[in-house]
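What follows is a single structure, written as structure tokens, with notes after it.
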Amino acid sequence: MTHEMLANPIFNPSWNDEVGNRTIIKWNTTGLFQLNATKYSWAKSMYQVMIWNFWVPEKVSGLGEDAVQFKNALSDDERRAYKWILSFLIFLDSIQTVNLPNFNDYITAPEVNLILSIQAYQEAIHSQSYATILETVVDSKDRDGIYYFWREDKHLLERNTFIGWIYQKFIDNPTDENFFAGIIANFLLESIYFYNGFAFFDTLADQTKMVATDRMINYIRRDELTHVTIFANIIKEIKKEFPSIYNEKIITDMMDVAVDQEIKWSKHILGKNIIGMSHINIENYTKWLANNRLSMLGINPLYPDVISNPYKHLDRLQDNNSEKWNFFESTVTNYSQSSSMNGSWEF
């Protein structure tokens, strides 16, 4: 049976915010952010991390040097990949900024509402970051072409349309099934779709090319990994509290589609002439990543033959500011505590 979900009322004075009965969705909340009584400890931890990780693009210096390298040090293939990967990343953060509130309207735990709101803000910062990169590094005559590359590239249009369709389906018809598929799509977007693009910028930086761009990407990736953790925890709470909505086959089927799309797109946009990013490495890296993301949800590997990351240089390059994260177990292992909240928000 298909069940329609109801968005949270702005204010519901006839209800209460009792923590003991609270659930991640489908709870009658007053609409008040009562943050001294919370149920989901992982959300408290994520709040502290996300606040401490605050950054702005102006924090990153050196893009002027990247502009010189872009013209003089990159090959034609590298310049092409640089521009078109940015096009896809811009789309991903654009759609997340706009769409996250649509799903947040159905989350009935204020501590989770809070971190999803911060996530939407971070996605907007990422959009500003890509704009800063384009304004500094790329000729002005090329910028519109990068933003709207999907108009001429059928592969990118197909990817963008697929993601947008899943989100729109829930907005148009907010059923349990469509909500769950939308939450999984969020998880896949944050955990799979960004990472071959990120790996490209890391690979350039490993050759001392476009280092400032990669530094910006490091900040963005750090945020995205917190977003992966948020959605992994939301999915696990749904499994625990609403087993009739949880569907592991939907997760694995959607993951398989996401991996196939990511591999095809990455091979298409990177070609065969990017040093260190062969087609076999792209395929194995994407499947290795998928296995690790599924392990966050307690699901067995979808690609059991792929057991290691082929990009050995990523481990050292992705250690941003010495912050160590155990994202594959969905646990923050090192964080800095913000002084923004006290009381029950200390841990």
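The values are calculated or read from the model by the stated rules, or taken from the named source; none is laboratory data. Since we're looking at a predicted model, the values are computed, not measured. Cβ placement follows ideal geometry from the backbone for every residue including glycine, while neighbour counts extend to all protein chains displayed.
The residue that is surrounded by the most Cβ atoms within 10 Å (Cβ to Cβ), among those in the range 242-267 that are within 26 Å of Asp66 (Cβ to Cβ) and in contact with a His (Cβ under 8 Å, 6 or more places away or on another chain), is Trp265.
Is the range 263-275 home to any residue that is β-branched (Val, Ile, Thr), farther than 22 Å from Arg79 by Cα and either touching a helix residue (DSSP H, G or I) at 6+ places or on another chain (Cβ under 9 Å) or assigned to a helix (DSSP H, G or I) (or both)? No, the conditions are met nowhere in the range 263-275. Kindly evaluate Ile24 against the criterion of being at pLDDT below 95, over 19 Å from Asp223 (Cβ atoms) and among the aliphatic types (A, V, I, L, M). Here the answer is no, as Ile24 does not meet what is asked.
The condition (being part of a loop (DSSP other than H, G, I, E, B) and under 20 Å from the mean Cα position of the chain (by Cα)) is satisfied by just one residue among Asn233, Asn292, Asn309: Asn309. You will find that of Asp142, Asp93, Asp105, Asp77, the residue that is among the acidic types (Asp, Glu) and closer than 19 Å to Tyr40 by Cβ is Asp105 and no other. Entry remark, the range 49-64: residues being within 13 Å of Ile217 (Cβ to Cβ) and of a type in the set (Asp, Glu) number 0 in total.
The rows are residues; the columns are (1) touching a His at 6+ places or on another chain (Cβ under 9 Å); (2) within 29 Å of Asn309 (Cα to Cα).
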| site | (1), (2) |
| --- | --- |
| Phe170 | no, no |
| Asp176 | yes, no |
| Glu190 | yes, yes |
| Gly197 | no, yes |
| Phe201 | no, yes |
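With the structure loaded, tell me whether Lys264 is charged (D, E, K, R) and farther than 30 Å from Tyr121 by Cα or whether it fails that test. Taking the combined requirement at face value, the residue satisfies it.
Listed here are the residues, each with its yes/no results for (1) closer than 30 Å to Gln168 by Cα; (2) free of Cβ contacts under 8 Å to residues at least 60 places away in the same chain.
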residue: Lys59; (1), (2): no, no
residue: Glu65; (1), (2): no, no
residue: Trp84; (1), (2): yes, no
residue: Leu89; (1), (2): yes, no
residue: Ser94; (1), (2): yes, yes
residue: Tyr106; (1), (2): yes, no
residue: Glu135; (1), (2): no, yes
residue: Lys141; (1), (2): no, yes
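The set of residues in the range 16-38 that are free of Cβ contacts under 8 Å to residues at least 12 places away in the same chain and in a loop (DSSP other than H, G, I, E, B) contains only Glu18. With the structure loaded, tell me whether Lys239 is surrounded by fewer than 21 Cβ atoms within 10 Å (Cβ to Cβ), at pLDDT 95 or above and over 30 Å from Thr108 (Cβ atoms) or whether it fails that test. In short, no. Determine whether the range 95-113 contains at least one residue that is buried (at least 20 other Cβ atoms within 10 Å of the Cβ), touching a His at 6+ places or on another chain (Cβ under 7 Å), outside any loop (DSSP other than H, G, I, E, B) and not charged (D, E, K, R). Looking through the range 95-113, none of the residues is buried (at least 20 other Cβ atoms within 10 Å of the Cβ), touching a His at 6+ places or on another chain (Cβ under 7 Å), outside any loop (DSSP other than H, G, I, E, B) and not charged (D, E, K, R).
Please work out which residue is farthest from Gln119 (Cα to Cα), limiting yourself to the range 44-63 and to residues that are aliphatic (A, V, I, L, M) and crowded, with 16+ Cβ neighbours inside 10 Å. Top of the filtered list is Leu63.
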